[in-house]
Amino acid sequence: MIVSGYAAVFNSLSRDIDGFRERIMPGAFDDALAGDPHIEARVGHQSFWTLGSTADGSLQLHVDEFGLHYRVVVDSERVERHMHLFFRGQGSSFSFDPDQVADTWQFDGGHIVRELHRIGCVVDVGPSDSPAYAVTTLRIDSPTAARRCRLSVCND
């Protein structure tokens with residue numbers, strides 16, 4: 001099964017995060033993806049729910065004109081254990097956990113906005129039921145496995 005989409009989209013505002021909103025600027029992920037970073041795909045940012053990683057080659061990340069794109073190859077057993085919430089309709093978006101951020105703050109349209117210009121490290125990316133950015137995407141390419149999960153795990 002392949003799970004893919006955008007973990008972050010450039011130039012779009014986040015939801016309210018404790019009184020401010022964020023905007024990720026183009027080029028923000030350049031440092032984080034330089035070299036050979038170890039980044040994991042985790043459900044809900046939980047280390048015990050790891051779906052794949054760049055270290056084992058199951059997670060691929062790249063930046064294009066829209067944002068940070070991910071592709072993770074997940075085995076069916078992991079999907080049944082870790083992703084059943086998406087087949088219940090509780091989550092349909094991806095998220096990311098940044099570190100070492102260079103930012104600026106401003107007022108924009110009556111909101112306090114934090115612009116992320118440089119993200120030095122991405123700890124993880126993964127499906128989330130409450131991502132900060134509503135415009136992130138999640139696609140699962142395996143209707144047979146999705147149907148099997150829905151029947152065997154999600155209706156328990």
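The values are calculated or read from the model by the stated rules, or taken from the named source; none is laboratory data. Bear in mind that the values here come from a model prediction, so they are computed numbers and not experimental data. Cβ sites come from the backbone with ideal geometry, for glycine too, and all protein chains shown count toward neighbours.
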### Task
Would you check which residues across region 104-133 are in a strand (DSSP E or B) and closer than 24 Å to GLU40 by Cβ and list them?
LEU116, ARG118, ILE119, GLY120, CYS121, VAL122, VAL123, ASP124, VAL125, GLY126, PRO127, SER128
### Query
Among the residues of region 6-62, which ones are in contact with a Gly (Cβ under 6 Å, 6 or more places away or on another chain) and more than 26 Å from TRP105 (Cβ to Cβ)?
ALA41, ARG42, VAL43, SER58, LEU59
### Query
Of everything in region 87-113 that's at pLDDT 85 or above and small (Gly, Ala, Ser), which residue is farthest from the chain's Cα centre (by Cα)?
GLY110
#### Entry: The lone exception for PRO26 - which of (1) modelled with pLDDT under 90; (2) in a loop (DSSP other than H, G, I, E, B) it fails
(1)
### Query
Is there any pair linking a residue in region 3-25 that is farther than 18 Å from THR137 by Cβ to one that is of a type outside the set (Gly, Ala, Ser) and part of a loop (DSSP other than H, G, I, E, B), with Cβ under 9 Å and at least six apart or on different chains, and which?
ARG21/ARG15; MET25/PHE10; MET25/ASN11
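Residues ARG21, ARG15: which one is surrounded by fewer than 22 Cβ atoms within 10 Å (Cβ to Cβ) and either out of contact with any Leu (no Cβ under 7 Å at 6 or more places or on another chain) or assigned to a loop (DSSP other than H, G, I, E, B) (or both)? Give the steps one after another, and end with the answer.
Working: ARG21 fails: either out of contact with any Leu (no Cβ under 7 Å at 6 or more places or on another chain) or assigned to a loop (DSSP other than H, G, I, E, B) (or both).
None of the others qualify; the one that does is ARG15.
Among the residues of region 72-86, is any farther than 21 Å from ASP129 by Cβ and either at pLDDT 90 or above or hydrophobic (A, V, I, L, M, F, W, C) (or both)?
Within region 72-86, one or more residues are farther than 21 Å from ASP129 by Cβ and either at pLDDT 90 or above or hydrophobic (A, V, I, L, M, F, W, C) (or both).
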#### Entry: Residue list for region 24-48, restricted to those being among the hydrophobic types (A, V, I, L, M, F, W, C) and either surrounded by 18 or more Cβ atoms within 10 Å (Cβ to Cβ) or over 17 Å from SER128 (Cα atoms) (or both)
ILE24, MET25, ALA28, PHE29, ALA32, LEU33, ALA34, ILE39, ALA41, VAL43
